[in-house]
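Undergrad: This is the structure I want to talk about, given as structure tokens.
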Amino acid sequence: MLILAKSALVMMIGFIMSIVLGLVLIPILKSHKIGQKVSLKIGERHLSKDGTPTLGGLIFIIPTIVTMLLLWLRGSIEMSSNVIILLITFIGYALLGFADDFIKLKYKNNAGLSVMTKLVFQTFIALVFFYIYMKNGNDPVIEITSLGIELNLGWIYGLFILFLLVGSSNAVNITDGLDGLAGGLSAIAFFAYGLLAWNAGWLEGYQELAIFCFCLVGSLLGFLFYNTHPAKIFMGDTGSLALGAALATIAILTKHELSLVLVGGVFIIETLSSLIQMIAIIKFHKKVFLMAPLHHHFEQLGWAERDIVKLFWIVGLILAMAAVTYGVWL
């Protein structure tokens with residue numbers, strides 16, 4: 001019951017801290033004119049959002065990190081190697097996203113960091129992840145318990161880590177196109193992984209991983225207070241890259257890598273829609289969707305932004321709870 005009480009407490013702390021931080025940060029960003037440049041390519045209805053403050057990821061990143069550090073300093077949680085891996089990845093991708101956002105704001109375009117620069121930084125984080133993971137005595141194994149399959153990948157597991165980190169972070173980044181969409185889906189996903197981590201009693205630091213998830217859920221709910229339609233702030237790459245990388249990290253550490261397909265199902269669908277559209281245009285010179293990713297397709301069909309977000313949240317919740325049911329009960 002102690003972990004339940006801690007989870008409820010950190011969720012509340014994360015929510016309150018993010019609400020307070022938002023009240024302070026948004027006016028500062030507005031006064032310095034740190035706003036998102038909206039492209040005409042995504043439709044005229046989005047032009048009203050031009051100049052909306054960005055870097056909103058700080059609203060849920062800072063409270064989560066501060067809360068975890070305060071709990072550690074007062075002895076309420078232990079800083080295991082798995083928690084260190086999670087925090088390094090979370091902070092590392094947040095810094096990468098911040099650098100990307102900073103360059104976009106400085107040069108007033110949406111180019112940001114080069115693909116190669118991002119890949120080098122992401123590879124470095126994956127190597128640190130893999131080194132600490134292996135040094136702690138973990139096996140580079142992917143398990144599919146329901147089928148009795150166990151794959152030992154050896155050093156290739158490092159590439160697997162890189163693939164999941166890059167894929168998950170970019171998937172959340174692609175989904176972050178409507179007010180509250182990526183933030184709400186992330187809150188659902190981290191709540192699900194909090195339950196999965198909570199059930200992983202065999203894992204070193206499993207309680208702390210669960211507490212991190214629930215703290216981030218609370219912080220994301222506070223962020224959504226400002227990010228739901230009409231959004232007063234966007235999370236930017238600072239937030240989306242950090243969220244995606246943290247999701248992949250928890251999936252790897254809890255040995256629920258394949259559950260990411262369900263928990264992050266909507267993120268994957270959004271990414272696949274963009275990939276399918278790109279291939280169709282390049283190879284066949286035709287569009288499969290009116291616009292990609294998928295949420296923009298629904299916009300082109302005339303759906304209201306709020307209705308699209310609600311639909312995607314519902315689908316995300318159903319998929320996440322299916323993953324929890326399989327991972328904990330079945």
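Undergrad: If the requirement is being in contact (Cβ under 8 Å) with a residue 40 or more places away in the chain and of a type in the set (Phe, Trp, Tyr), which of these qualifies: PHE98, PHE124, PHE102?
TA: Matching residue, one of PHE98, PHE124, PHE102: PHE98.
Undergrad: Here is a check on your reading of the model: is GLY183 surrounded by 24 or more Cβ atoms within 10 Å (Cβ to Cβ), in contact with a Gly (Cβ under 6 Å, 6 or more places away or on another chain), at pLDDT 95 or above and of a type outside the set (A, V, I, L, M)?
TA: no
Undergrad: Return the pair list, or none, for Cβ contacts closer than 9 Å from residues in the range 307-330 that are under 15 Å from HIS296 (Cα atoms) to residues that are among the aromatic types (Phe, Trp, Tyr) and crowded, with 16+ Cβ neighbours inside 10 Å, at least 6 apart or on different chains.
TA: These pairs meet every condition: ASP307/PHE298; ILE308/PHE298; LEU311/PHE298; PHE312/PHE298.
Undergrad: Something else: Have a look at MET12, MET17, MET68 and point out the one that is at pLDDT 95 or above and touching a Ser or Thr at 6+ places or on another chain (Cβ under 9 Å).
TA: MET17
Undergrad: Among the numbered criteria (1) surrounded by 14 or more Cβ atoms within 10 Å (Cβ to Cβ); (2) modelled with pLDDT of 90 or more, which single criterion is violated by ILE142?
TA: Unmet for ILE142, out of (1) surrounded by 14 or more Cβ atoms within 10 Å (Cβ to Cβ); (2) modelled with pLDDT of 90 or more: (2).
Undergrad: Do any residues in the range 64-76 that are over 19 Å from PHE190 (Cα atoms) have Cβ atoms under 6 Å from those of residues that are surrounded by 13 or more Cβ atoms within 10 Å (Cβ to Cβ), where the two are at least six apart or on different chains, and which pairs are they?
TA: Final answer for the pair search is LEU71/ILE77; TRP72/MET79.
So that you can scan it fast, the table gives a plain yes or no per residue for (1) surrounded by 15 or more Cβ atoms within 10 Å (Cβ to Cβ); (2) basic (Lys, Arg); (3) under 21 Å from the mean Cα position of the chain (by Cα):
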residue	(1), (2), (3)
LYS33	no, yes, no
GLN36	yes, no, yes
LEU73	no, no, no
VAL115	no, no, yes
GLN122	yes, no, yes
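Undergrad: Given the residues ILE125, ILE103, ILE132, which is the only one that is out of contact with any helix residue (DSSP H, G or I) (no Cβ under 9 Å at 6 or more places or on another chain) and not in a strand (DSSP E or B)?
TA: That would be ILE103, the only listed residue that is out of contact with any helix residue (DSSP H, G or I) (no Cβ under 9 Å at 6 or more places or on another chain) and not in a strand (DSSP E or B).
Undergrad: Considering only the range 209-288, give the helices (runs of 4 or more DSSP H) lying wholly within it that have at least 1 residues that are within 15 Å of THR89 (Cβ to Cβ) and at pLDDT 95 or above.
TA: 236-253
Undergrad: Mind checking which residues of the range 69-110 are among the hydroxyl-bearing types (Ser, Thr, Tyr) and closer than 15 Å to PHE124 by Cα?
TA: The answer is THR89, TYR93.
Undergrad: Restricting the search to the range 145-177, which residues are surrounded by fewer than 21 Cβ atoms within 10 Å (Cβ to Cβ), assigned to a helix (DSSP H, G or I) and small (Gly, Ala, Ser)?
TA: Once the filter is applied, which keeps residues that are surrounded by fewer than 21 Cβ atoms within 10 Å (Cβ to Cβ), assigned to a helix (DSSP H, G or I) and small (Gly, Ala, Ser), the range 145-177 yields GLY158, GLY167.
Undergrad: Determine whether the range 27-48 contains at least one residue that is within 15 Å of CYS215 (Cβ to Cβ) and assigned to a helix (DSSP H, G or I).
TA: Within the range 27-48, none of the residues are within 15 Å of CYS215 (Cβ to Cβ) and assigned to a helix (DSSP H, G or I).
The values are calculated or read from the model by the stated rules, or taken from the named source; none is laboratory data. The model shown is predicted, which means the values in this text are computed figures rather than measured ones. Reconstructed Cβ throughout: ideal geometry from the backbone, glycine too, with neighbour counts over all protein chains shown.
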